[in-house]
Amino acid sequence: MVQSSQVLSAALGAGLAYVFPVAYSLAALRLQGIVSKSPSVFDIQQNPPAESNSEPYECPADQGYRTEIVSLDPLLIYLHDFVSPREADLVIRAGESLLQPSPVTGYGGDGPASQARTSWSAPLPDVVDDAAVACVLRRAESFLGTVLVPGRDDIGAAQLVHYDNGQKFDLHHDWFRQPRLSDADAAAGRRRLYNRVATFFVVLQANCTAGETYFPQAVVPGAAKTQSGSTAHAQNDNDGTTESSLPIWREHENGGLAFRPVAGNALFWVNLLANGTGDTRTLHAGLPVGEGTKTAMNIWPRSYFGPDA
């Protein structure tokens, strides 16, 4: 059976093999003027680490998720059943007590909460502190295959994000226009920067209407446009319909693709081009939630570059 990491490597092609040397050159000048702290810490209050779950959890050997390539360029992959209901519940419990108004980071924003992002968010525990969070992060890292270089790159810190009625996140990118220096590297004097090479957006809870994730520049082949995406597993909705009768993704009326939130499923996309710069076509938004709530997990794998990378 072909592994998910092999599917990803084939879809990415050879281009990403050249990301890191070029990105190193792009970051060289910035490394010469590094300050003692990451730019984000000047404007954003840092949360304390979340408390880990006291309930023991054993990570399954095979979650059995299924992949579906929706867009090749930019690369956008849909992951069916990426987390189990129990994992979703444990991840939510690991961070929900620390939820606070979401800050704005990434290209196009860097500061405290704003009207562009009205959700709630919280840091999730480190992989050594919570078994369920660690399980999901290891699964994501395995999916990445050769994208992360062992001993240099890492899966990054995960974030819990929660949307209530009317809350949203306007169009934005997850990658940074200028690569970042982490607080830990700043404290240790390490000369390396990082950027978010990819994103996993994992839906943990979707007891809501609306709240789609929208990619205005994502495209599908012409023949596939009539499919309106695959459907989710059957589940009764409040209005008597079933989730299986609704498409997971659709063509948005303003162009691009919109993905309906389905608990347990995830979206994956690559943020950086082969030359190490951000891919502007990964522009996306969390459209306003209607009735109910939506909770998800952000995973941003980090690629490092610089003399100490």
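The values are calculated or read from the model by the stated rules, or taken from the named source; none is laboratory data. In this text, all values refer to a predicted model and were calculated from it rather than measured experimentally. Reconstructed Cβ throughout: ideal geometry from the backbone, glycine too, with neighbour counts over all protein chains shown.
Would you confirm whether any residue within the stretch 99-122 is modelled with pLDDT of 95 or more, surrounded by fewer than 18 Cβ atoms within 10 Å (Cβ to Cβ) and farther than 20 Å from G211 by Cα?
No, the stretch 99-122 contains no residue that is modelled with pLDDT of 95 or more, surrounded by fewer than 18 Cβ atoms within 10 Å (Cβ to Cβ) and farther than 20 Å from G211 by Cα.
Looking only at the stretch 229-264, filter to residues that are in contact with a Lys or Arg (Cβ under 9 Å, 6 or more places away or on another chain), modelled with pLDDT under 95 and of a type in the set (D, E, K, R); which one of those is nearest to C208 (Cα to Cα)?
Once the filter is applied, the top-ranked residue is E243.
Considering each of T295, T280 in turn, give the residue that is out of contact with any Lys or Arg (no Cβ under 8 Å at 6 or more places or on another chain), of a type in the set (V, I, T) and buried (at least 19 other Cβ atoms within 10 Å of the Cβ). Give the derivation first.
Values: T280 fails: buried (at least 19 other Cβ atoms within 10 Å of the Cβ).
Within the list T295, T280, the selection yields T295.
Return the total of residues in the stretch 148-165 being closer than 26 Å to D308 by Cα and surrounded by fewer than 17 Cβ atoms within 10 Å (Cβ to Cβ). Give the steps one after another, and end with the answer.
Residues of the stretch 148-165 closer than 26 Å to D308 by Cα: 148-158.
So of that shortlist, the ones also surrounded by fewer than 17 Cβ atoms within 10 Å (Cβ to Cβ) come out as 149-152.
Number satisfying all stated conditions: 4.
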